[in-house]
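Encoded as structure tokens, the structure appears first; notes follow it.
The values are calculated or read from the model by the stated rules, or taken from the named source; none is laboratory data. Just so it is clear, the structure is predicted and the values come from calculations on it, not from any experiment. As a convention, Cβ positions derive from the backbone with ideal geometry for all residues, glycine included, and neighbour counts pool all protein chains shown. What goes into the accessible areas is simple: the full protein's heavy atoms, side chains included, and nothing from ligands, DNA or RNA. Shrake-Rupley method; radii C 1.70, N 1.55, O 1.52, S 1.80 Å.
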Amino acid sequence: MASRGRAKLYCFFVITVRGNYRVSLANLQEALSERVRVAAQEAFGVAPEKLASEIPPKTEMGDLAFPVAFELAKLIKQTTGEKRPPRAIAEQLKTALETVPQVARVEVAGAGYLNIYFDRASVLAALAASEEAGTASLSSEPDARPKRMVEHTSINPNKASHIGHVRNAVLGDTFVRILRAAGEQVEIQNYIDNTGVQVADVVVGFMHLEHLTLEDIRALDRSLPADKPFDYYCWDLYTRVGLFYRNDDPNGEMNPERLKLRVETLHALEEGTGEIAELAEYVATRNVECILDTMERLGIRYDVLPRESEILHLHFWDKAFERMKAKGVIHFQDAGRNKGCWVMPFETHTGTDEHEADKIIVRSNGTVTYTGKDIAYQLWKLGLLGLDFNYRLFRSYPDQHTTWMTTVEPQADDGSQAARPHFGGGAVVYNVIDTRQSYPQEIVRRGVALLAPEVGEEASVHLAYEMVALSPAACDELGIQLTDEDRARPYIEMSGRKGLGVKADDLINRLEMNALKEVETRHPEVSAEERALTAHQIAVGALRYFLLKFTRNTVIAFDFKEALSFEGETGPYCQYAAVRANSIFRKLDEAARASAAEFIGAQDKAEVTGVLAGEGGDEVWSLAVLSGRLDEAVAQSAAQAEPALLAKYTFNLARAFNLFYHRHRIIAEENAARRAVLVTVADIARRQLTRALATLGIEVPERM
RNA sequence: GCGCCUGUAGCUCAGUGGAUAGAGCGCCUGUCUCCGGAACAGGAGGUCGCAAGUUCGAUCCUUGCCAGGCGCACCA
């Protein structure tokens, strides 16, 4: 389901890479692919539509391989009936590639692989040169490409965020960074469901369990300690409300009398006026602030916070409803189980006695479901609704970034309004939402496509990911009692209602404390502020990498030992490689750097070629080419909407650098040509590693 | 019942219609005349859930079966 529209996306990114002024191996690779296609067409009259290329498993087998001969053999047989051995076909194509200046030689290997060996010295010079140019001109070009929208985080504003929410936010934020690195224009939205059941429940808690007025709540909020702020308080209160509805028995039945309070409150929230609504507004807004504070710790920010209350009060839903009725997308049921409801038919799900096939959009009491509101919101995101929100400045950051929140008040605009970006109207919308919501997301996508066939289903992408659950060991550590049945399971689902989960700030605090301990023993000489900053950067690196190394469709069974680790395949491992690389350049004198540049850029490449062909040359070279594949990794990660690909690439680059670092003494190298190569490769690697980490939202500390 | 996802080393996970299926952790053995050991190297460890099919070639595609997870609300 999440794969919908991927084929199209891929095309975008090919263009992206091609249109990129930065020289990278991707360009060379593409040029070679084209060459092979043309050669095949000339020699055999046929060519595969899309030419696959791969990276050989070992450096000795070359830098790029085309398994094209196998496919050509098939095509030739199909068109002419002639049988040709793949190896012979490969031999014929070989000559066409040998004339490319950056290709040193071509070999036919195995059953018919075409293995390309780059001219190491000239490719290294190109990589070094593009490094210089790349950093200067990055993001300086105005971009006319259509805007992409990414919605992520979207936590119910009724409690503190937990590790599952953080997976969503980190995934979404990283995907945004990846799109931007690929040259896309992106708008970040964080949807605030401020009129839903979850907020209503906490309001019930404040009003009916604690008997507090809005003024009381404000006073309470002010009195809370910094390490247990408002969202923590709500976390516990929310759990208590859950128990209250069940007459204080966690496994008990819901008490219908007590549930009336929820319904009452919910109606008041939807109405949007009166004391209850005012109280809810305070609760929701304070929770949004707390959640944004937590996300800020992880380097995650938003452009706009659209609220459900505005979807309702600015009549987004009414307009969408009219359109759906007019287009016949939904039907009124005057009989049967769904009597009195407006439903959207859904024929791919077959109905049974227990499960209805159609999806209810408007309930028999006239209220709209979440799915209905989401269709209206999605239409707005795509610029198809013909209505807009009003906005107020919610937060501004020292670096000029601003975050806006929707509001009903048109006059909320103040002097700074001039600087407000235009929101909405994207060409493609990515919704980062838990895989469990695949079904409602599918309805939204289809509803939108039916209303706007011109954009179709491809404009809506559900960026689905699996949940974060708790490992049995983590439950033990949290003091959660498990039944024998639960203990036998691979993981235990978290539950906001039961207050069962690892709070984001608690985990970040623990990571920072652990990192600080390490930094203190290693660097007692630096200031306390710098140690704290470093510890923070390490903590963020550890957490973000931990959440990104799993592919989206893998359930993360959260384990403290794994999440708190700084060794092996972790963020800090990658950061450490970059820190080591930087320390080389801190100690390297100007003369050595100038001399390196001169050697690498020289017309006569004989000496550099000699070094790269000599002892240990393969290893040095493989670090250089791997560094040169960052753009490819980013493009692939964007096309597949899979940040884990970039995480793996980054780790492999760090690993390759650590090996290189271990094997070669760079500053002390006495042979000038050799030192020039080592310095240049180390420089390319550290910059690419830093760039890769930045795309994952991970900073490189000064020292660690 | 129907739909979607998953099954790969002791554990946690990558991976691809093609070259010897990889990494981290754990275990064992090594590496420091060093720009930082949060590191590096080596070793042990695999019927890629089972079975059939398609293919020159399947861990990958198809089908069936087994096992696990998620969903199929007038919740979101």
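Can you compute the modelled spin-label distance between A:A672 and A:D221, with each label point 7 Å from Cα toward Cβ, in nm?
If labels sit at A:A672 and A:D221, their model points lie 6.9 nm apart.
If r is the Cβ-Cβ distance from A:E520 to A:K561 and R0 is 30 Å, what FRET efficiency results, to the nearest 0.05?
0.85
Amide H neighbours of A:V428 under 5 Å, at least 5 residues apart or on other chains, H built in the peptide plane: list them.
A:M149
Give me the dipole magnitude in Debye, nearest 20, for chain A about the Cα centre, with unit charges on the beta carbon: positive for Lys and Arg, negative for Asp and Glu.
For chain A, the charge dipole is close to 1740 debye.
What list of ³J(HN,Hα) values in whole Hz, one per residue of segment A:266-283 in order, does the Karplus curve 6.51 cos²θ - 1.76 cosθ + 1.60 (θ = phi - 60°) give from phi, with Gly and Pro shown as x?
4, 4, 4, 5, 5, 4, x, 10, x, 4, 4, 5, 5, 5, 5, 4, 5, 4
Work out the charge dipole of chain A with +1 on the Cβ of Lys and Arg and -1 on the Cβ of Asp and Glu about the Cα centre, then indicate which of A:I311, A:F346, A:Y233 is farthest towards its positive end.
Among A:I311, A:F346, A:Y233, the one farthest towards the positive end of the dipole of chain A is A:F346.
For segment A:22-124, what number results from the quotient of the Cα radius of gyration and 2.2 N^0.38 Å? Can you show the working numbers first?
Details: Rg = 13.4 Å, N = 103, 2.2 N^0.38 = 12.8 Å.
Ratio of Cα Rg to 2.2 N^0.38 Å: 1.04.
Is there a pair in A:K498/A:K549; A:K319/A:K503; A:K381/A:K498; A:K325/A:K381; A:K50/A:K359 whose C-alpha atoms are over 30 Å apart, and which pairs would that be?
Details: A:K498/A:K549 28 Å; A:K319/A:K503 39 Å; A:K381/A:K498 34 Å; A:K325/A:K381 21 Å; A:K50/A:K359 41 Å.
Pairs exceeding 30 Å: A:K319/A:K503; A:K381/A:K498; A:K50/A:K359.
In terms of modelled amide H atoms, which long-range or inter-chain residues lie less than 5 Å from the amide H of A:N390?
Hits under the 5 Å cutoff: A:T407.
Residue farthest toward the positive end of the dipole of chain A, with Cβ of Lys/Arg at +1 and Asp/Glu at -1: which of A:V681, A:A182, A:P48?
A:P48
What are the ³J(HN,Hα) couplings of segment A:463-480, residue after residue, when phi is run through the Karplus curve with 6.51, -1.76, 1.60 and θ = phi - 60°? Round to Hz, x for glycine and proline.
7, 8, 8, 7, 6, 9, 10, 10, 6, x, 5, 5, 4, 4, 5, 7, x, 8
Can you work out the PRE-style zone for A:L243? Point 7 Å along Cα to Cβ, and I want the residues of segment A:475-501 with backbone N under 11 Å.
A:499
For chain A, with every protein chain kept in place, what is the accessible area per residue (1.4 Å probe, Å²)? Don't jump to the answer; show the numbers that get you there.
Details: 31150 Å² over 704 residues.
Averaged over the residues of chain A, the accessible area is 44 Å².
Counting only helical runs of four or more DSSP H residues, what would the 222 nm mean residue ellipticity of chain A come to if each run contributes -39,500 (n - 2.57) and the total is spread over all its residues?
Helix-only estimate at 222 nm: -17000 deg cm²/dmol.
Ignoring everything but the protein chains, give the 1.4 Å probe accessible area of A:L220 in square angstrom, nearest 10.
Accessible area, nearest 10 Å²: 40 Å².
Quick check: pseudo-label points 7 Å beyond the Cα along Cα→Cβ at A:T554 and A:D486, how many nm apart are they?
2.6
Please report, to two decimal places, log10 I(q)/I(0) for chain A at q = 0.06, 0.12 Å⁻¹ as given by the Debye formula with identical point scatterers on the Cα atoms and no solvent.
-0.43, -1.38
Give the separation of the Cα centroids, segment A:176-198 to segment A:279-343, in Å.
The distance from the Cα centre of segment A:176-198 to that of segment A:279-343 comes to 15 Å.
Given A:G272, A:P256, A:Y282, which one lies farthest toward the positive end of the charge dipole of segment A:254-309, if we put +1 on the Cβ of every Lys and Arg and -1 on the Cβ of every Asp and Glu?
Result: A:P256.
At a threshold of 8 angstrom on Cα-Cα distance, excluding pairs fewer than six apart, so keeping six or more, what relative contact order does chain A reach in percent?
15
Could you give the length gained on full extension between A:K587 and A:E264, defined as 0.36 nm per residue of separation minus the Cα-Cα distance, in nm? Could the numbers behind the result be given before it?
Working: separation 323, 0.36 × 323 = 116.28 nm, distance 6.86 nm.
Length gained between A:K587 and A:E264: 109.4 nm.
Could you size up the charge dipole of segment A:377-481 around its Cα centre, putting +1 on the beta carbon of Lys and Arg and -1 on that of Asp and Glu, and report it in debye to the nearest 20?
220
With a Förster radius of 35 Å, plug the Cβ-Cβ distance of A:A419 and A:E278 into 1/(1 + (r/R0)^6) and report the FRET value to the nearest 0.05.
The computed FRET efficiency comes out at 0.75.
Under a crude label model (7 Å from the Cα following the beta-carbon direction), how far is A:S53 from A:R363 in nanometres?
Distance between label points: 5.8 nm.
A:R87 to A:E615: FRET efficiency via 1/(1 + (r/R0)^6), r the Cβ-Cβ distance, R0 45 Å, to the nearest 0.05?
According to the calculation, E is roughly 0.90.
Considering only protein heavy atoms and a 1.4 Å probe, what is the carbon-and-sulfur percentage of the accessible area of chain A?
51
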